[in-house]
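Have a look at the structure below, then the notes.
The values are calculated or read from the model by the stated rules, or taken from the named source; none is laboratory data. Predicted, not measured: the structure shown is a model, and the values here were computed from it. No Cβ is skipped: glycine too gets one built from the backbone with ideal geometry, and neighbour counts run over all protein chains shown.
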């Protein structure tokens, strides 16, 4: 009897594969657009995003398979026929780092010169035909990220994207100088014909990983940009075959510290990979979303961004009557007054309910104000979170007796006549999700020092709360930049008021 046969009576076997809950493409598009609006996204472009297109036949293939094919033909022409099993050949063609390591072992010596000569011509330029998947390059062109991380050792992105400088991480190099704006960060070095220390196979890759984990040669400048306190960035991993072990090793030095505490990002592929329950669990643990429709999602985001011209976007912001719409629990009104006064003292225009909801028309006024606000600013405290939970509980009770609360604005207005103010307030946070449009950006503010359930309310805690829709609406808080405010130390508030005034 096998081990599986022995233990099966003691467990429950599921028919479905162990998968992360995957959002629809439209949900992922909304999340990416919201992160883009806050400059909170950093793409990581992995090896399998690069392609080679033949100028003669028009055939397109992965850049890695082109390299392998070219090297095998090169040695065959010189009388060397390499021996592969079918599995070895499949691994060599489809597994970037392990594949080139396997090819090296078949040839019997280092092949970094061979790889270099496949990619770079006699004029020290990339050969014609090397490029990036269409959906990926169009996405990068339309978003103009200030930082792009990549695993390739060649300047492929720089050739296809204007205005970027290169930063090459090298083994045992001190990465403590600040990164320039519009930078492409090459994790595994720069390809050189006279130097084998760049990440082309699994052997050299291990040297980079060892160096990146050292205190002296770690990725300090990259970590400072990605994990800089309240302005922590969210990684967008673009890699269809990124290995489980490599993904884990990339993530850890980039974020630093305890990666199970506050990491959050999106792991994207363009087809379903072989199920890997270990990777899926790791993604859950570090709060990464999983999306297998990468090319479709990137196309949708790009199309949406291109349809909103820069001029129209600026006009939307300029025409708004208010800079901030502040949402808060009524119990926090006194503290919110301090925040409102601070914002107004710095020349910002604020809408707040205690000044504008004294004569009825609760929902109508809220909807009008949201449409006239450039930014939505929820003020997060224990009372705010608990009120969200009460609202979710109330919805469950109503739905349990057959009353379904809709998410459209007209439903909210009709409910105003039937429910008293307290109940309306409980429903408010849930309905805000449907009222807020994608061009009303969210800037959460946390009351400094506040606690709930014996936990201090911090950006990390809020991100965890947003996993539970009963505590906080995920669409308002997913991966965004947050600020902490103390009425006793107002000048510690880090909001750049001049920046928001300049966008009028």
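Of all residues in region 252-270 being in a loop (DSSP other than H, G, I, E, B) and over 28 Å from residue 296 (Cβ atoms), which is modelled with the highest pLDDT?
Ranking the qualifying residues of region 252-270, first place goes to 256.
Does region 53-61 contain at least one residue that is modelled with pLDDT of 80 or more and buried (at least 20 other Cβ atoms within 10 Å of the Cβ)?
No.
Any residue that is part of a loop (DSSP other than H, G, I, E, B), buried (at least 21 other Cβ atoms within 10 Å of the Cβ) and on the phi < 0 side of the Ramachandran plot - is there at least one of those in region 93-113?
yes
Please verify whether residue 139 is touching a strand residue (DSSP E or B) at 6+ places or on another chain (Cβ under 9 Å) and part of a strand (DSSP E or B), treating the condition exactly as stated.
So residue 139 does not fit the description; no.
Working only within region 114-134, note down all residues that are closer than 13 Å to residue 63 by Cβ and assigned to a helix (DSSP H, G or I).
115, 118, 119
Residue by residue, here is whether (1) at pLDDT 85 or above; (2) in a loop (DSSP other than H, G, I, E, B); (3) surrounded by fewer than 17 Cβ atoms within 10 Å (Cβ to Cβ) holds:
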position: 303; (1), (2), (3): yes, no, yes
position: 358; (1), (2), (3): no, yes, yes
position: 363; (1), (2), (3): no, no, no
position: 366; (1), (2), (3): no, no, no
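Counting only residues that are surrounded by fewer than 19 Cβ atoms within 10 Å (Cβ to Cβ) and in contact (Cβ under 8 Å) with a residue 24 or more places away in the chain, which one in region 119-130 is nearest to residue 166 (Cα to Cα)?
Once the filter is applied, the top-ranked residue is 126.
Would you tally the residues in region 35-56 being touching a strand residue (DSSP E or B) at 6+ places or on another chain (Cβ under 7 Å) and not in a strand (DSSP E or B)?
7
Take the conditions assigned to a helix (DSSP H, G or I), within 30 Å of residue 268 (Cα to Cα) and at pLDDT 90 or above and apply them to residue 70. Does it pass?
Yes; evaluated as a whole, the condition is true for this residue.
I'd like to verify a number: residues in region 157-169 that are touching a helix residue (DSSP H, G or I) at 6+ places or on another chain (Cβ under 8 Å) and either at pLDDT 95 or above or more than 24 Å from residue 255 (Cα to Cα) (or both), how many?
Adding up the residues that qualify gives 3.
Quick one: would you say residue 124 is at pLDDT below 90 and at positive phi?
The answer is yes for residue 124.
Within region 315-331, can one find any residue that is in a helix (DSSP H, G or I), touching a helix residue (DSSP H, G or I) at 6+ places or on another chain (Cβ under 9 Å), surrounded by fewer than 19 Cβ atoms within 10 Å (Cβ to Cβ) and modelled with pLDDT of 85 or more?
For region 315-331, residues in a helix (DSSP H, G or I), touching a helix residue (DSSP H, G or I) at 6+ places or on another chain (Cβ under 9 Å), surrounded by fewer than 19 Cβ atoms within 10 Å (Cβ to Cβ) and modelled with pLDDT of 85 or more: present.
Given the condition modelled with pLDDT of 90 or more, closer than 21 Å to residue 97 by Cβ, surrounded by 14 or more Cβ atoms within 10 Å (Cβ to Cβ) and in contact with a helix residue (DSSP H, G or I) (Cβ under 6 Å, 6 or more places away or on another chain), answer yes or no: does some residue in region 138-146 qualify?
For region 138-146, residues modelled with pLDDT of 90 or more, closer than 21 Å to residue 97 by Cβ, surrounded by 14 or more Cβ atoms within 10 Å (Cβ to Cβ) and in contact with a helix residue (DSSP H, G or I) (Cβ under 6 Å, 6 or more places away or on another chain): absent.
Does any residue of region 379-387 turn out to be modelled with pLDDT of 80 or more and more than 17 Å from residue 487 (Cβ to Cβ)?
No, region 379-387 contains no residue that is modelled with pLDDT of 80 or more and more than 17 Å from residue 487 (Cβ to Cβ).
Here are 159, 192, 210: which of them is in contact (Cβ under 8 Å) with a residue 60 or more places away in the chain and surrounded by fewer than 17 Cβ atoms within 10 Å (Cβ to Cβ)?
Going through 159, 192, 210 in turn, the sole match is 192.
Could you please give the count of residues in region 438-490 that are modelled with pLDDT of 80 or more and either in a strand (DSSP E or B) or under 18 Å from residue 263 (Cα atoms) (or both)?
Selection size over region 438-490: 6.
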